[in-house]
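Chemist: I have a structure here, written as structure tokens, and I will follow up with some questions on it.
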Amino acid sequence: MHPKKERTLIIIKPDGIQRSLIGEIIQRYERAGLKLCATKFFVPTAEHVEKHYLLDPNWLQNVGEKSIEGYKKKGEVPPSEDPIEVGKTVVEVLKKYITSGPVLAMVWEGAHVVEIVRKITGGTEPRSTDVGTIRGDFVIDSYKMADGDKRAIRNLIHASGSVEEANNEIALWFKPEEIMDYRLVQEQIIYDVNLDGILE
């Protein structure tokens, strides 16, 4: 498969919708040359959100370990030394966050789309991510505030972390017939080897 056919899942979370950033977020990805292939606007159920985060069987363990490590780096005592237990707490706050209002789920396509989207989106914690990224430009939240308020960090967007993760997530959020396969005129400039057809 040509790299231009790679796809990723992006979800504009409830805080992104409420802050009227849909157009700005979509524009950032479009300007990079990526192609929008599917959209769905709805309020997901808690069950759906839980399935999303548990698609990776190691997710609870990994997120629990990262959280425990984060507490210790800050000189704080983690709520538990058991990564699975901490991971389950993270899932609960994420379910509350993602189901608090409508989300816009999208499938985007393009060369190296998973990597490019993550670069444009910025790091998970807005406070420490770079200016010029979506999260760096539009969010001031931090792990410190989120932990203090016992809530999920508000960072506007979910973006798949790997091609495998993207494929699994897309299959959970969209049926195959809901994803458009079409040609975008700009693809002639982005992907055509010889730029044939510009001068006629």
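Chemist: In the set Leu104, Leu172, which member is surrounded by 15 or more Cβ atoms within 10 Å (Cβ to Cβ) and not acidic (Asp, Glu)?
Modeler: Leu104
Chemist: Out of all the residues in segment 75-99, which are within 14 Å of Val63 (Cα to Cα) and under 17 Å from the mean Cα position of the chain (by Cα)?
Modeler: The answer is Val90, Val91, Val93, Leu94.
Chemist: Just wondering, is there one or more residues in segment 106-120 that are assigned to a helix (DSSP H, G or I) and either of a type in the set (Ser, Thr, Tyr) or in contact with a Pro (Cβ under 6 Å, 6 or more places away or on another chain) (or both)?
Modeler: Checking segment 106-120: not a single residue is assigned to a helix (DSSP H, G or I) and either of a type in the set (Ser, Thr, Tyr) or in contact with a Pro (Cβ under 6 Å, 6 or more places away or on another chain) (or both).
Chemist: Give the number of residues within segment 99-125 that are β-branched (Val, Ile, Thr) and at pLDDT below 95.
Modeler: Residues in segment 99-125 being β-branched (Val, Ile, Thr) and at pLDDT below 95: 1 in total.
Chemist: Can you find a residue that is more than 16 Å from the chain's Cα centre (by Cα), over 23 Å from Ser100 (Cα atoms) and of a type in the set (Val, Ile, Thr) anywhere in segment 139-154?
Modeler: The answer is no; no qualifying residue exists.
Chemist: Next question, about the same structure. Of everything in segment 45-70, what is surrounded by fewer than 19 Cβ atoms within 10 Å (Cβ to Cβ), free of Cβ contacts under 8 Å to residues at least 40 places away in the same chain and either touching a helix residue (DSSP H, G or I) at 6+ places or on another chain (Cβ under 7 Å) or not in a helix (DSSP H, G or I) (or both)? Give them in sequence order.
Modeler: Matches in segment 45-70: Leu54, Pro57, Asn58, Trp59, Gln61, Glu65.
The values are calculated or read from the model by the stated rules, or taken from the named source; none is laboratory data. Computed from a predicted model, the values in this text were never measured in an experiment. Positions of Cβ are generated from backbone atoms using ideal geometry, with glycine treated the same way; all protein chains shown enter the neighbour counts.
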